[in-house]
Structures are given as structure tokens and as C-alpha cells.
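Here is the structure we will look at.
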Amino acid sequence: MPANSIKSKFLILGIPPYKKFELARALSDMGRTVAHYMIGGVLTADIINTNMRCGLGALHGIKADCLLQINATSARDGQGFFPDFDLVLLRRIVDDNNLKVVLTSGPAPEILSSIDSHGDLRQRLIKTDIPGLPAGVGAIDKDIIDWINGYFDAVRRLFAGSERFVEIDMSKQDAPLSLQSAVAATRPFSSEIISAPRPQTSALRFSDVGELETEFSMHLEQDSPHKSFRGRIGIRTPYNLQHAPVWRSFLALNYASTTAAQLSGKRATPITISCDFPVDQALVELYADRVRKYGHELVVECEVVDRTYELPSKGTALSFGGGKESRLTYGLLRERGESDLVVCTTDPHYPHADIPEIVRVEMIGTDNLEIRLLPAFMMRPANWYLGGALADANRQSPWQYYFDYGSPAERDELADAFRKLGYAVKMHSPVSVLPSNICQKILCERYPQIAQEQRSTAFNSKNEKTLFVALLLLYHGFSISNVVELDILAEMGNQYIEIFKSGNFGPSNMREPYHREAMAILRYLDETGRLPFKPQSEIPTEWQARWINYIHAYVDPNVASDFMDIFTQYAAIADRAELDYVLPT
């Protein structure tokens with residue numbers, strides 16, 4: 001059998017995003033199965049991290065034969081997991097799994113240019129403590145260029161003399177043929193895929209793959225400034241699905257909206273969608289408007305039809321993530337005595353076996369929000385619930401990602417579009433009027449058994465969510481022993497304090513309410529002597545805030561009265577005029 005057998009696994013190293021999207025497409029066209037950044041909607045880095053924390057092999061359960069970009073860095077918090085750059089961990093993963101290593105290098109200034117053109121990636125690199133690039137370093141071009149060249153040299157030394165290592169300079173004319181030889185391509189591909197410049201517009205081509213009893217999916221070809229993808233997207237379920245053409249329209253058009261969201265804040269870009277099936281007029285109108293609110297334009301190049309269906313609705317479904325909001329919503333519905341309740345989760349990590357109504361659904365190809373919500377919609381409930389969060393109703397311009405479902409007005413728009421198509425559903429997110437700390441308090445105090453299995457983040461994960469959940473629990477005197485160890489909390493907390501002293505909440509301020517709440521809790525815990533670590537620098541007095549202690553009923557005035565009666569047992573409804581911070585809604 002040739003040395004580069006089809007059964008070999010390859011680890012493609014390099015500095016993202018340089019040529020990464022082009023590489024993913026090229027490898028796929030060559031006949032390889034590619035895990036680019038995500039697998040089944042989950043970050044590859046998270047899968048590796050979870051596997052190792054659980055004592056499993058790093059690549060346990062990963063079937064792809066080409067792994068591309070297995071690092072992850074959070075958009076805001078200076079945390080991440082970097083198997084590509086941690087040379088000790090990299091060597092361990094390569095040796096334990098007998099991987100063949102392909103280093104995709106190139107001119108450092110060209111790679112720096114790709115970093116600068118990729119959203120807020122440069123700022124994330126500066127904030128994040130990456131092997132070879134400490135937090136706070138990278139504002140000067142020379143710092144990044146030295147890091148890039150240093151990384152390439154370190155990888156060359158690490159695998160010097162190994163028959164399992166090859167380097168390809170992606171700027172050279174022979175790069176396509178070198179890549180084809182390195183990964184033993186099973187079929188030829190067009191070299192233009194790698195040499196062509198990144199597309200400046202987004203093209204989405206959807207193809208129907210037929211109906212299966214327990215699977216709903218479509219084939220997608222995507223070429224966008226931020227992503228290239230070839231493959232199926234959809235869901236696989238343990239039950240027979242209620243197929244209808246409307247779900248094809250919903251998935252394709254919502255995916256287009258998500259694509260626009262991922263380009264939000266960048267130069268206006270046409271989002272072109274073509275399908276080999278008709279799409280529904282009511283949904284085209286809705287999502288064309290939403291794409292505009294992200295700052296772009298939707299172009300539909302397929303048949304648009306005005307039709308209705310017979311889609312009777314019944315019962316209640318909850319789209320369930322397993323964190324505090326969805327678990328509190330579940331507790332509220334159980335206390336109400338909601339009959340005919342189905343709880344739908346796409347969480348690949350935890351079984352949530354404490355929820356008897358749980359139905360686990362497997363995502364195919366992507367974890368975009370529409371994929372996570374689709375299973376519950378396809379059950380055609382008369383009432384659909386989402387955990388949601390106060391921050392999701394944070395109106396920004398351009399629009400932010402979760403506002404589509406976080407704002408009651410926008411949920412009503414989707415429900416109205418479904419109604420025009422023959423599906424009557426009411427959409428609810430009752431806990432979205434609560435700051436996260438009040439949500440956490442009600443969950444722990446009113447529904448302690450449900451709270452026990454809260455899975456907002458993996459234990460000791462160095463990320464913003466771990467810090468945030470720990471602060472919420474500490475604020476109300478609950479234990480954080482199953483969330484994070486104190487030394488890791490101190491490390492993350494001190495890093496967070498330094499990062500957010502600037503008051504910069506990111507390019508779209510999407511997560512501003514989360515950060516304001518975390519900052520206020522840090523200040524309060526420090527003032528009252530309850531912060532379980534010593535800050536390395538003073539926490540600003542302006543981080544004090546009162547708004548985190550109140551119910552923000554103005555966000556959704558239509559929350560059911562029985563839910564509001566429960567909420568007001570734990571906090572007062574805010575007088576909007578007297579709040580020191582009010583969400584723009």
C-alpha cells in the first residue's frame with residue numbers, strides 16, 4: 001500500500017486564515033474528508049480538549065482524514081485552546097495518532113494581510129495568550145511577522161528528518177501539485193481553487209437530496225469571503241420527521257441570513273442564493289429584510305413561489321441548550337404543568353438524562369443557529385420556547401446575530417411568516433427579561449435538581465463563558481466547584497479585568513450586556529471581600545451598576561403573567577427611567 005494511503009490521517013498546519021478556506025475546498029475536491037475548524041457543528045478544538053479532559057485519545061471519534069485549523073480563540077475574552085501552536089501537545093497528538101503533517105507556509109507579510117482582512121482576528125490575537133505570542137503583543141506588524149516566521153521554524157525543527165512531514169509554500173505555483181501529492185489525492189482538482197483570490201461576494205447553492213424518514217438535509221456549496229464549504233447540512237433524528245417544502249426554504253434562507261450575520265460590520269456584500277427547489281415568498285421577504293439589517297443584500301436566483309401548506313400545530317417544544325436559560329425555561333414549563341412538552345437538544349456533549357422529555361438530535365455539517373432550532377420547528381408545536389438571554393435583545397446596527405430570536409418583535413415576524421404559510425405557532429423566550437445573574441439565582445433556588453445538571457461550559461475551560469458562569473454563582477453565594485478551580489478563575493479574571501478596562505465591547509457591541517454584568521459583579525465581589533482571588537490591578541469604580549438587580553420587563557412586555565409572578569419573587573421590575581443602563585431594543 002502506498003505510504004500516503006487513503007487510510008492515513010493528515011494534520012494541515014499553518015496560520016489561519018491564510019489559504020485555509022481554499023485548502024478546505026481543494027482537499028474536499030480531491031476526495032478527502034475534511035474537518036475544517038468544526039465537526040458536526042462543534043469546534044474541533046473543543047472536541048480535542050473534551051476528549052483529553054475525559055482521558056480519551058485526542059482524536060477519539062473524529063473520522064475525517066484531513067484536520068485543518070484545530071485551534072480556537074474566543075472572540076472577546078483572550079482565551080483559547082491551541083494544539084497547533086503548543087509544540088509539546090502538537091507532537092503528542094501527531095505521535096499518538098500516527099498523523100502525517102503538512103505545513104502550509106507562505107510569505108509572512110502576505111499571511112499578516114490575511115489576518116488583518118479577517119474581521120477582528122488581529123485584535124483577538126493581541127488579547128489572547130498564544131504560544132509564541134503573549135497577550136498584549138501584536139499591535140506592531142513586526143511582532144506578528146516574527147511570530148509567524150518563528151512558528152514555521154519551530155515546526156520545521158520539531159519534525160526535522162521525519163518521513164511523515166512535508167512543507168508546502170502556498171504562494172508558489174507548484175503548491176496545488178505538491179498538495180495533491182502530499183495527501184495522495186484520489187482524484188484531480190482544479191489548481192485555480194488555491195491560486196484564485198478569496199471571493200468578495202457570498203454564493204450559496206443548495207440542492208435537495210431527497211427525504212429520509214429520520215434525516216432532513218440538503219447539499220450546500222458555499223463560497224464566501226469568510227468560508228468555503230462543500231457538503232450536507234441538516235439534522236439526523238431518532239424519530240420520523242414531518243417533512244414539508246417550507247423547511248427547505250427556511251433552512252436555505254436562514255442560512256443566508258446567518259452568512260450575512262457573520263459578515264456584519266464588513267463592506268456591503270451581496271449574498272446570492274440559488275436552489276434546485278422553489279423557495280417561499282413569505283420567507284424570502286422576511287430574510288431579505290434581515291440580510292439588509294446585517295448591512296448586506298440578498299439576491300435570490302431560483303423560483304420564488306407564493307403558496308400555503310396544511311401544517312397543523314400541537315403541543316409545546318423547547319429548543320434546549322443545557323445552560324441556565326434553557327434549564328430555567330424548562331423548570332417554568334414543568335411548574336406550569338405544560339402538557340405534550342418536547343425538549344429538543346442538539347448538544348453533542350451531554351445526554352441531559354435528567355430531562356425525561358429530552359430528544360437528542362444530531363447536527364450535520366454546521367452548528368448555525370437555524371440548525372439548532374430546526375428540529376423543534378419541524379415538530380410543529382403550537383408554542384415554541386427558546387431559553388434566550390437579555391443580551392440577545394440588544395439591538396445594534398448592523399444587526400447582531402441572536403437578535404433574530406432574542407427580540408419579541410423579530411420572533412413575531414417569523415411566526416407571522418410561518419402563519420402565512422399555514423403553520424400557526426407562537427414563539428416565546430420568557431427569561432430574556434432577566435439579567436443572567438437573576439436567571440441563575442431563580443434556577444438554583446427554585447429548581448435545584450434541574451440546576452444540578454446545568455452544562456453551560458466544560459469544567460475548567462479557559463473561556464469567557466466559564467468566567468461568566470462562575471461570577472453569576474459567586475454573586476449569589478453558590479458553589480463554583482463544578483465549574484472552575486480557583487487558580488484558573490484567578491488567571492481568567494485578571495486577564496479579563498485588563499482587557500475590559502478599555503470599555504471596548506467589540507466591533508458590534510453584541511455582547512455588551514454580558515460584559516457590563518460581569519464587570520459589575522467583579523466590582524461588587526471585590527468591594528465586599530467576596531472575590532476569591534486578588535486582582536492584579538484595581539477594578540474601575542465605574543464598573544458599579546444597579547441594573548443587574550432588576551427585571552427588564554420593557555424587553556418583552558408580553559411575557560406570561562404566571563412567569564412574571566415567579567420572577568418578581570426574586571427581583572423587582574425596573575423603572576426604565578431610573579436604570580443606570582438600558583438595552584437598546
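The values are calculated or read from the model by the stated rules, or taken from the named source; none is laboratory data. Just so we're clear, the structure is a prediction, and the values are computed from it rather than from any experiment. Here the Cβ positions follow ideal geometry from the backbone for every residue, glycine too, while neighbour counts run over all protein chains shown. When the accessible area is computed, the model is the full protein with side chains, heavy atoms only, and any ligands, DNA or RNA have been set aside. Shrake-Rupley method; radii C 1.70, N 1.55, O 1.52, S 1.80 Å.
Some values worked out for this structure:
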read-out	value
Selected residue [buried (at least 17 other Cβ atoms within 10 Å of the Cβ), modelled with pLDDT under 95 and of a type in the set (Asp, Glu)] from Glu512, Glu498	Glu512
Helices (runs of 4 or more DSSP H) contained entirely in region 362-421, each with at least 3 residues that are at pLDDT 85 or above and over 22 Å from the mean Cα position of the chain (by Cα)	408-420
Test set (1) touching a Phe, Trp or Tyr at 6+ places or on another chain (Cβ under 7 Å); (2) open to solvent by 30 Å² or more (accessible area, probe 1.4 Å) - Ser181 fails condition number	(1)
Candidates Val582, Val559 - the one that is under 24 Å from Glu410 (Cα atoms), among the β-branched types (Val, Ile, Thr) and open to solvent by 40 Å² or more (accessible area, probe 1.4 Å)	Val582
Residues satisfying the stated conditions in region 433-447, i.e. open to solvent by less than 10 Å² (accessible area, probe 1.4 Å) and either in a loop (DSSP other than H, G, I, E, B) or modelled with pLDDT under 95 (or both)	Leu434, Pro435
Test: Pro188 is more than 28 Å from the chain's Cα centre (by Cα), modelled with pLDDT under 85 and not small (Gly, Ala, Ser)	yes
Selection within region 541-562 - assigned to a strand (DSSP E or B) and either among the aromatic types (Phe, Trp, Tyr) or over 26 Å from Leu522 (Cβ atoms) (or both)	Tyr550
Count of region 316-344 residues which are modelled with pLDDT under 95 and hydrophobic (A, V, I, L, M, F, W, C)	5
Glu357 vs. criteria more than 19 Å from Asn254 (Cα to Cα), of a type outside the set (Ser, Thr, Tyr) and modelled with pLDDT of 90 or more	yes
Residue match in region 62-80 (condition: open to solvent by 40 Å² or more (accessible area, probe 1.4 Å) and basic (Lys, Arg))	yes
Subset tally (residues that are part of a strand (DSSP E or B) and open to solvent by 50 Å² or more (accessible area, probe 1.4 Å)) for region 201-229	5
Count of region 563-579 residues which are of a type outside the set (D, E, K, R), open to solvent by 70 Å² or more (accessible area, probe 1.4 Å) and assigned to a helix (DSSP H, G or I)	1
Within region 524-534, tally of residues that are open to solvent by 30 Å² or more (accessible area, probe 1.4 Å) and closer than 13 Å to Ile497 by Cα	2
Matching residues, region 259-289, being touching a residue at least 60 places away in the same chain (Cβ under 8 Å), under 21 Å from Leu220 (Cα atoms), touching a helix residue (DSSP H, G or I) at 6+ places or on another chain (Cβ under 6 Å) and in a helix (DSSP H, G or I)	Leu283
Subset of region 261-271 [under 20 Å from the mean Cα position of the chain (by Cα) and open to solvent by less than 40 Å² (accessible area, probe 1.4 Å)]	Ala261, Leu263, Ser264
Residue in region 448-460 that is among the polar types (S, T, N, Q) and open to solvent by less than 20 Å² (accessible area, probe 1.4 Å) present	yes
From Ala545, Ala553, residue being open to solvent by 20 Å² or more (accessible area, probe 1.4 Å), of a type in the set (A, V, I, L, M), modelled with pLDDT of 95 or more and touching a strand residue (DSSP E or B) at 6+ places or on another chain (Cβ under 8 Å)	Ala553
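Residue-by-condition table, conditions (1) open to solvent by 40 Å² or more (accessible area, probe 1.4 Å); (2) of a type in the set (Asp, Glu):
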site	(1), (2)
Ile273	no, no
Ala282	no, no
Leu286	no, no
Tyr294	no, no
Val304	yes, no
Leu311	no, no
Ala317	no, no
Gly322	no, no
Glu338	yes, yes
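Conditions tested, residue by residue: (1) modelled with pLDDT of 90 or more; (2) within 26 Å of Thr308 (Cβ to Cβ); (3) touching a strand residue (DSSP E or B) at 6+ places or on another chain (Cβ under 8 Å).
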position	(1), (2), (3)
Gly210	no, yes, no
Ser224	no, no, yes
Arg236	yes, no, yes
Leu241	no, yes, yes
